[in-house]
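Trainee: What follows is a single structure, and I will ask about it in a moment.
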Amino acid sequence: MSSPAFHCKRFVINQEGAAHPVGTDSFLLGSWASIEGVTRALDIGCGTGILSLMLAQRLEAVANQIVQIEAVELHAGSAACALRNLRASPWLDQVRVNELPIQQFKAEAAFDLIISNPPFFLEKTIAPDPDRRHARAAVTLTQTELIQAVLRHLHPNGRFCLILPVNEGRLFYQTAATMGLYISKKVTVYPRPGKPAERLLLELTRSAGRYQQSELYIYQEGTQYSEDYQRLVADFYKDF
């Protein structure tokens, strides 16, 4: 059964056919990733297309020229879902959905920004449902393959932004450093004060050096969103 449509301030995410529904991870990543100087962006594993649409909305407000966003998605149902959402949005001319593995994707030029909410369950136990398995297990795109794809397509001065659970995130940036991609920003995301961290927001570049670190709490108490989280996602949540 499909999840219900998710209504943002300027677009709607219909989730029919998608391998995985929209969640907090997408809103965190799509709102946080730096768009400074971006004229070309790549969304790897676009799912419903939410990250591409978030980038298009943000870039519209700051860009002096049309920004091209390439969205790549292997899962046929998700790619079709992303295309429907794109056609219903104000940014049809700026986003192109490509239904193929990122390993086969060929671009005309390098990208200033690459963004991804990748599969992250590395455990041996794999979900029995094929759509859920595709969305949540690193079986069609390993961490090494993702890093290789980023290195193929990232501009020398470009940035790669992603979100991962804490353990997978640490493994990812450690592996990436051995391949020539280095962490430049890290935000440790906590559900609320007193609880263990659940996610890492990561920005990586081709330049090694010191990196910025910060923390973000999604809730301040009970079900009340923190001021930092509300400020981060305010352009998208209809209730903020």
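Trainee: Looking at segment 36-65, which of its residues are within 13 Å of the chain's Cα centre (by Cα), of a type outside the set (D, E, K, R) and more than 14 Å from C8 (Cβ to Cβ)?
Mentor: A41, L42, I44, G45, C46, G47
Trainee: Just wondering, is there one or more residues in segment 74-91 that are of a type in the set (S, T, N, Q), modelled with pLDDT of 95 or more and not in a helix (DSSP H, G or I)?
Mentor: Yes, some residue in segment 74-91 is of a type in the set (S, T, N, Q), modelled with pLDDT of 95 or more and not in a helix (DSSP H, G or I).
Trainee: Let me ask something else. Has segment 141-149 got any residue that is surrounded by 15 or more Cβ atoms within 10 Å (Cβ to Cβ), more than 25 Å from G37 (Cβ to Cβ), in contact (Cβ under 8 Å) with a residue 12 or more places away in the chain and polar (S, T, N, Q)?
Mentor: Looking through segment 141-149, at least one residue is surrounded by 15 or more Cβ atoms within 10 Å (Cβ to Cβ), more than 25 Å from G37 (Cβ to Cβ), in contact (Cβ under 8 Å) with a residue 12 or more places away in the chain and polar (S, T, N, Q).
Trainee: Within segment 1-28, count every residue that is under 24 Å from E99 (Cβ atoms), among the aliphatic types (A, V, I, L, M) and not in a loop (DSSP other than H, G, I, E, B).
Mentor: Of the residues in segment 1-28, 2 are under 24 Å from E99 (Cβ atoms), among the aliphatic types (A, V, I, L, M) and not in a loop (DSSP other than H, G, I, E, B).
Trainee: Let me ask something else. When only residues in segment 55-73 that are assigned to a loop (DSSP other than H, G, I, E, B) and of a type outside the set (V, I, T) count, which is surrounded by the most Cβ atoms within 10 Å (Cβ to Cβ)?
Mentor: Residue satisfying both the conditions and the ranking: A63.
Trainee: A further question follows. If I filter segment 108-139 down to residues being surrounded by fewer than 16 Cβ atoms within 10 Å (Cβ to Cβ) and closer than 21 Å to T48 by Cα, which single residue comes out as modelled with the highest pLDDT?
Mentor: V139
Trainee: In segment 29-54, how many residues are of a type in the set (D, E, K, R), farther than 14 Å from W91 by Cβ and part of a strand (DSSP E or B)?
Mentor: Within segment 29-54, residues that are of a type in the set (D, E, K, R), farther than 14 Å from W91 by Cβ and part of a strand (DSSP E or B) number 1.
Trainee: Would you please name the residue that is farthest from L141 (Cα to Cα), looking only at residues in segment 21-69 that are free of Cβ contacts under 8 Å to residues at least 40 places away in the same chain and in contact with a Phe, Trp or Tyr (Cβ under 6 Å, 6 or more places away or on another chain)?
Mentor: Ranking the candidates gives A56 first.
Trainee: Can you give me the number of residues within segment 75-97 that are of a type outside the set (A, V, I, L, M, F, W, C) and more than 13 Å from M54 (Cα to Cα)?
Mentor: 7
Trainee: Residues of segment 29-47 being in contact with a helix residue (DSSP H, G or I) (Cβ under 7 Å, 6 or more places away or on another chain) and either over 18 Å from P101 (Cβ atoms) or of a type in the set (A, V, I, L, M) (or both), which ones?
Mentor: Within segment 29-47, L29, G30, S31, W32, I35, V38, A41, L42, I44 qualify.
Trainee: Only strands (runs of 3 or more DSSP E) wholly contained in segment 175-232 count here; list those with 1 or more residues that are touching a residue at least 12 places away in the same chain (Cβ under 8 Å), touching a Ser or Thr at 6+ places or on another chain (Cβ under 8 Å) and closer than 24 Å to E145 by Cα.
Mentor: 182-190, 199-205
The values are calculated or read from the model by the stated rules, or taken from the named source; none is laboratory data. Here the structure is a predicted model, which means the values were calculated and not measured. Note that each Cβ is placed from the backbone with ideal geometry, even for glycine, and that neighbours are counted across all protein chains shown.
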